Amino acid sequence: MPLDFSPSREPMTTFSLAGMTDVVLLLLIFFLLTSSFIPQMGIQVTLPQVDSSSPVTEQSITVSLTEDGRYYVAGTPVPEQRLVGELRATRSGQSFLLLRADQQASIGQFATVASAAQALNMRVLMATERAGTSP
């Protein structure tokens, strides 16, 4: 008895995109979840470069100081005269103030932020970049 290897069905002429849709959806979810872990700072400052730095592990209030002397507390612009009041209103148990100062900012502006932190009994941490890395 001879064996018949010919297909009894016609080949499939349509292609289902359901599997590809699932893969694209999973990739979209992956990128959305991982992109939220990258901290986005809205105020552009050029941080000073140092040889070594350590990560901030505590919750802190971020104060940004721009090259032209503007102060930002948690991303909102604040006049120098209201810096202590705004820090007091923003603070909710944090004991650290993270200062992101542009390297062209003056020592007087740094002293203003340090004085405001001292009035609230907070420690000042200076944000820096590791030497050799680009912003």
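Bear in mind these aren't lab numbers, they're just calculated from the coordinates by the rules spelled out. Since the structure is predicted, the reported quantities are computational estimates derived from the model, not experimental observations. No Cβ is skipped: glycine too gets one built from the backbone with ideal geometry, and neighbour counts run over all protein chains shown.
With K and R counted +1 and D and E -1, the other residues having a Cβ less than 11 Å from that of Q109 yield a net charge of -3. For L125, the residues 5 or more places off, or on other chains, whose built amide H falls under 5 Å of its own are L97, L98, L99. Rounded to the nearest 20, the size of the Cβ-charge dipole of segment 49-130 about its Cα centre is 300 debye, with Lys and Arg at +1 and Asp and Glu at -1.
For segment 81-97, 3J(HN,Hα) computed residue by residue from phi via the Karplus equation (6.51, -1.76, 1.60; θ = phi - 60°) reads 5, 9, 5, 5, x, 5, 5, 5, 6, 7, 5, 9, x, 6, 10, 10, 10 Hz, glycine and proline entered as x. Based on the convex hull around the alpha carbon atoms, segment 49-130 presents an average projected area of 5.2 nm². Computed packing ranks the peptides 23-32, 78-87 as 78-87, 23-32, most packed first, by mean other Cβ atoms within 10 Å. By other beta-carbon atoms within 10 Å, ranking R9, R88, R70, R100 with the fewest at the front produces R9, R88, R70, R100.
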